[in-house]
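Presented below is the structure to which this report refers.
The values are calculated or read from the model by the stated rules, or taken from the named source; none is laboratory data. Computed from a prediction, not measured in an experiment: that's the story for all the values here. Glycine gets a Cβ as well: all are built from the backbone with ideal geometry, and neighbour counts include every protein chain shown. Ligands, DNA and RNA are stripped out before the accessible areas are found, and what is left, the full protein with its side chains, is counted by its heavy atoms. Shrake-Rupley method; radii C 1.70, N 1.55, O 1.52, S 1.80 Å.
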Amino acid sequence: MRSSSFVRWLAVLALIWGQTAWASSAKRKTFDSFDFLKDGKTNGIAVNERGILKLGYQLSTLWTPETPYIWDVIPERANTVLAAVGSEGQVFRVNLASGKAELVFDADEAVVSALCGEAGASFLAGTSPDGKLYRIGTSGKPQVVFDPPDKYIWDVVKGPDGSILVATGEKGRLYRVQASGKVDTLLRTNDQHVRCLAVDTDGNVYVGTSDNGIIYMLSPAGEVRVLYDASLEEVVQLALTPSGEILAATLGKVPAKTPGTSKASSSTSSTTERLLSILSETKQRSEVFRLDRQGFAEKIWSSTDEQVYTVLPETDSTCLVGTGASGKVYRLSRNGDKDYLGKFDPSHVVRLLKVGNEIVGCTANPGRLVALRDRENRRGQYVSPVYDAKLPSRWGSMMWQAHGNGSAELYTRSGNTKKPDETWSPWQGPLRDARGEHVDSPVGRFLQWKLVMKGGQNFEVSDVALTYLTKNAPPRVTEVTVYGPNIYYTGAATASSAKEAAPGEGLATPKSLGDKKTKLGYRTIRWSFEDPNADKLVFDVAIRHEAWKRWKSLGHKLAESAYAVDTRTLPEGRYRVRVVASDSPENPPGVARKSAPATAEFVVDHSAPVFSGLKVVKEKGKIWLEFEVTDALSRLSSVRLAVDAGEWQKLAPVDGLCDTQHERFRVPLPRSATGQVVALRATDISGNTGYTWTEVK
């Protein structure tokens with residue numbers, strides 16, 4: 001059996017033998033960006049914001065009802081939960097082990113929007129719209145506990161004294177329903193909706209509203225104070241950490257509310273829309289805060305791309321958040337770390353809760369009951385997003401860093417479409433040597449890799465990297481610009497500073513032009529460029545007069561992107577400038593490519609405008625000065641007149657605009673001009689100036 005080092009040598013030799021068709025410099029891509037890694041598909045592997053992959057929760061779907069929505073879920077027994085489902089006001093009991101579901105409540109209202117467990121086998125269900133609060137016992141027969149004068153019931157929790165707390169809208173009230181049936185209004189807000197509730201171990205009640213995003217704190221003695229005024233309009237969920245800190249998930253339209261502005265009408269619409277149609281076309285911002293009882297807030301999440309609908313404390317320092325519309329679940333840490341745990345796509349994760357040793361959640365659009373499970377025998381799989389090498393590529397090796405107790409295997413596949421399809425190669429592998437193993441996937445523009453990890457809780461993989469060679473494509477000079485006469489940029493090369501680049505030197509991006517200055521006789525030439533292989537480039541710059549047969553070089557293999565030519569060293573006439581790019585700094589002869597020539601035109605003009613037909617015309621008691629001005633190469637920029645050595649005055653031609661190489665003038669003179677000397681001055685855009693004089697007789 002051949003050794004792995006021998007196999008690696010064969011791979012290197014294969015690359016060398018194929019060098020004439022491929023770029024000579026191998027590229028290396030390290031997959032350590034969280035923005036890239038979080039778009040992969042993972043199950044059992046958490047992706048850290050620092051690019052570390054570690055074993056984590058296994059994601060699974062427990063139950064899929066025939067409805068696009070599950071609005072709420074609560075634990076019932078050791079292995080069952082209750083799920084509020086769909087738009088027909090139904091609640092199902094779901095067995096977590098078997099996935100079997102049975103209908104236990106069917107309300108007259110459209111939606112069961114809130115559930116709350118009770119001691120024994122009964123539970124509470126709040127409905128919307130025109131909501132009622134029901135108690136459903138072992139008999140299955142519902143009993144109306146509370147019929148509020150409000151349209152929506154958003155949340156129901158048990159109070160510290162055993163009473164029932166009910167959050168409602170559209171009047172924005174918090175009610176307390178006592179065991180005797182007596183109802184008290186604990187809080188009348190200035191918002192239209194009380195959206196969520198939480199109760200701590202000391203009996204304090206926390207209330208989140210929608211319209212102005214206020215979080216209230218109600219003490220056991222009945223004292224009410226504002227704990228926090230969020231910058232966004234709606235508090236969608238409150239949760240408490242083991243130590244009693246408050247986690248608050250908030251949502252709002254972009255841009256966020258401004259101080260003193262109520263969002264009542266728009267918030268009412270969006271809140272109802274989230275209940276009945278959770279997919280909103282409106283762009284929203286999502287923020288999650290950690291608060292203490294004094295109202296000190298620390299922002300731990302902010303995004304306009306993913307909206308947090310639910311937050312679940314995991315420990316005092318970590319929490320899980322569920323998002324939409326990607327269905328992703330993240331772990332947020334107090335120290336600022338963020339782990340991507342996986343996704344139930346496409347969906348909105350609207351609730352996460354702890355049921356025994358499992359984390360259970362529910363999603364909307366589509367509706368699913370899902371689970372995140374932490375297995376003792378840890379095993380996980382992560383499939384990366386598709387990597388685009390931009391050009392057909394020959395794959396080299398993959399390598400990675402591994403720490404802790406465990407094993408890792410990598411698999412790869414390649415193709416020439418953005419999305420893997422039947423034209424892609426099959427998965428090939430496994431690669432087991434973290435120091436680097438050759439990738440057997442065939443030549444292609446796109447590559448995807450799959451990581452399988454097994455091991456303990458401390459096992460981590462990071463810095464997954466790929467080497468490859470791309471087909472060497474020619475560079476492109478995308479634009480050549482010649483600036484106006486007498487314009488000089490300090491960042492441009494000149495005849496005295498331009499020199500051939502040293503081996504390996506070149507430009508990957510254009511240099512800065514520097515400061516713009518006026519300098520007699522100079523024209524600045526600038527070029528833009530690109531290279532599909534991201535190679536450094538050098539440039540050949542040449543000019544040719546319209547009467548010349550050959551190009552005259554201004555510079556060879558320049559590592560410059562602008563050149564200022566002194567046109568006083570050139571005969572006047574029409575010129576063309578040519579720029580050709582080469583990727584020779586990073587490719588040997590036979591492999592290096594040149595761009596197609598890119599050109600632009602400019603004029604060198606040393607001659608002043610010429611006056612002709614100058615005459616004084618007297619007719620009907622008026623005096624006119626008539627003349628024409630012509631420039632052989634450049635358009636005219638201004639013509640001026642001065643009388644008896646007086647101040648120069650700008651003249652307008654007969655057509656009103658001095659913008660061509662030839663202009664005709666007819667200028668009125670006062671009767672007093674007789675006997676005076678009139679001077680004329682014409683200037684072209686190259687700065688050449690001609691003069692003439694006449695005496696008015």
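Which value, to two decimals, describes the C-alpha radius of gyration of the range 144-192 once divided by 2.2 N^0.38 Å?
Working: Rg = 10.2 Å, N = 49, 2.2 N^0.38 = 9.7 Å.
Compared with the compact-globule rule of thumb, the range 144-192 sits at 1.05.
Past the 18 Å Cα-Cα mark, which pairs from Lys54/Lys338; Lys27/Lys499; Lys41/Lys471; Lys141/Lys182; Lys618/Lys650; Lys38/Lys343?
Working: Lys54/Lys338 13 Å; Lys27/Lys499 29 Å; Lys41/Lys471 30 Å; Lys141/Lys182 22 Å; Lys618/Lys650 22 Å; Lys38/Lys343 10 Å.
Pairs exceeding the cut-off: Lys27/Lys499; Lys41/Lys471; Lys141/Lys182; Lys618/Lys650.
By how many degrees, 0 to 90 and rounded to 10, does the Cα axis of helix 4-17 deviate from the longest principal axis of the chain?
30
What is the range 530-610's relative contact order, in percent, from Cα pairs under 8 angstrom and six or more apart in sequence? It would help to have the intermediate numbers written out before the result.
Values: 132 pairs, mean separation 25.9, N = 81.
About 32 percent, as a whole number.
Which of the trypsin sites (Lys or Arg not before Pro) across the range 368-401 are loop residues per DSSP, with 14 or fewer other Cβ within 10 Å?
On the way: sites: Arg368, Arg373, Arg375, Arg378, Arg379, Lys390, Arg394; in loops: Arg375, Arg378.
Counting only loop positions with at most 14 other Cβ atoms within 10 Å, the trypsin sites (Lys or Arg not before Pro) in the range 368-401 are Arg375.
Figure the gain on full extension for Lys390 and Lys299 (residue separation times 0.36 nm, minus the Cα-Cα span) and round it to one decimal in nm. Spell out each step's value before the answer.
Values: separation 91, 0.36 × 91 = 32.76 nm, distance 3.82 nm.
Between Lys390 and Lys299, full extension yields 28.9 nm more.
If one computes P(r) from the Cα atoms of the range 540-681, what percent of pairs lie at distances over 17 Å? Don't skip to the end; give the middle numbers.
Working: 7116 of 10011 pairs.
Summing the P(r) of the range 540-681 above 17 Å gives 71 percent of all pairs.
Got a number for the accessible area of Thr494? Probe 1.4 Å, square angstrom, nearest 10.
20
Quick one: with all protein chains in place, what share of the accessible area of the chain is carbon or sulfur, to the nearest percent (1.4 Å probe)?
On the way: 15250 of 31970 Å².
Whole-percent figure for carbon plus sulfur exposure: 48.
Over the chain, average the accessible area per residue using a 1.4 Å probe and give it in Å², no decimals. Don't skip to the answer; put the middle values down first.
Working: 31970 Å² over 697 residues.
I get 46 Å² per residue for the chain.
Please identify every one of the trypsin sites (Lys or Arg not before Pro) in the range 597-659 that sits in a loop by DSSP and has no more than 11 other beta carbons within 10 Å of its own beta carbon. Provide the component values of the computation, followed by the final result.
Details: sites: Lys615, Lys618, Lys620, Lys622, Arg635, Arg640, Lys650; in loops: Lys620, Arg635.
In loop regions of the range 597-659 (DSSP not H, G, I, E or B), the sparsely surrounded trypsin sites (Lys or Arg not before Pro) are Lys620.
Would you please give the FRET efficiency between Gln143 and Ser512, computed as 1/(1 + (r/R0)^6) with r the Cβ-Cβ distance and R0 = 60 Å, to the nearest 0.05? Show your work: numbers first, answer last.
Values: r = 77 Å, r/R0 = 1.28.
In this case the efficiency is close to 0.20.
If I take all pairs of Cα atoms in the range 378-455, what percentage of them are more than 19 Å from each other? Intermediate values should be presented prior to the final figure.
Values: 1025 of 3003 pairs.
I get 34 percent for the Cα pairs in the range 378-455 exceeding 19 Å.
Find, to one decimal place in angstroms, the Kirkwood hydrodynamic radius of the chain, where the mean of 1/r is taken over every pair of different Cα atoms and then inverted.
Values: mean 1/r = 0.0312 Å⁻¹.
Here the Kirkwood hydrodynamic radius works out to 32.1 Å.
So, in nm, how far is label Arg640 from label Asp229 when the simple model puts each one 7 Å beyond its Cα toward the Cβ?
The answer from the label model is 6.2 nm.
Where does each of His193, His606 land when they are ordered by accessible area, with a 1.4 Å probe and the largest first?
On the way: His193 0, His606 85 Å².
So, going from the largest accessible area down, we get His606, His193.
With an 8 Å cut-off on Cα pairs and a minimum separation of 6 or more residues, tell me the relative contact order of the range 516-573 in percent. Could you put the intermediate results ahead of the total?
Values: 61 pairs, mean separation 25.9, N = 58.
Dividing the mean separation by the residue count of the range 516-573 yields 45 percent.
Let a ≥ b ≥ c be the square roots of the eigenvalues of the Cα gyration tensor of the range 13-162; is it rounded (a/c under 1.5), or, if not, prolate (a/b larger than b/c) or oblate?
Working: a/c = 3.36, a/b = 3.13, b/c = 1.08.
Prolate shape, in that a/c is at least 1.5 and a/b is the bigger ratio.
Kindly provide the chymotrypsin sites (Phe, Trp or Tyr not before Pro) of the range 592-648 that DSSP labels as loop, not H, G, I, E or B, and whose Cβ sees at most 16 other Cβ atoms within 10 Å. Kindly include the intermediate steps, with their values, before the conclusion.
On the way: sites: Phe602, Phe611, Trp624, Phe627, Trp648; in loops: Trp648.
Sparse-neighbourhood loop chymotrypsin sites (Phe, Trp or Tyr not before Pro): Trp648.
What FRET efficiency comes out for Lys620 versus Thr689 if R0 is 25 angstrom and r is the Cβ-Cβ distance? Round to the nearest 0.05. Show your work: numbers first, answer last.
Working: r = 34 Å, r/R0 = 1.37.
Between Lys620 and Thr689 the formula returns 0.15.
Percent relative contact order of the range 304-382, based on C-alpha pairs within less than 8 angstrom and at least six residues apart? Don't jump to the answer; show the numbers that get you there.
Numbers: 164 pairs, mean separation 16.2, N = 79.
Computed value for the range 304-382: 20 percent relative contact order.
Order these peptides, 168-177, 653-662, 301-310, by their mean beta-carbon neighbour count within 10 angstrom, highest first.
Working: 168-177: 21.8, 653-662: 12.8, 301-310: 18.1.
Highest-to-lowest ranking by the protection proxy: 168-177, 301-310, 653-662.
P(r) of the range 96-192 in 10 Å steps, Cα pairs, percent per bin?
P(r) for the range 96-192, in whole percents per bin: 16, 48, 28, 7, 1.
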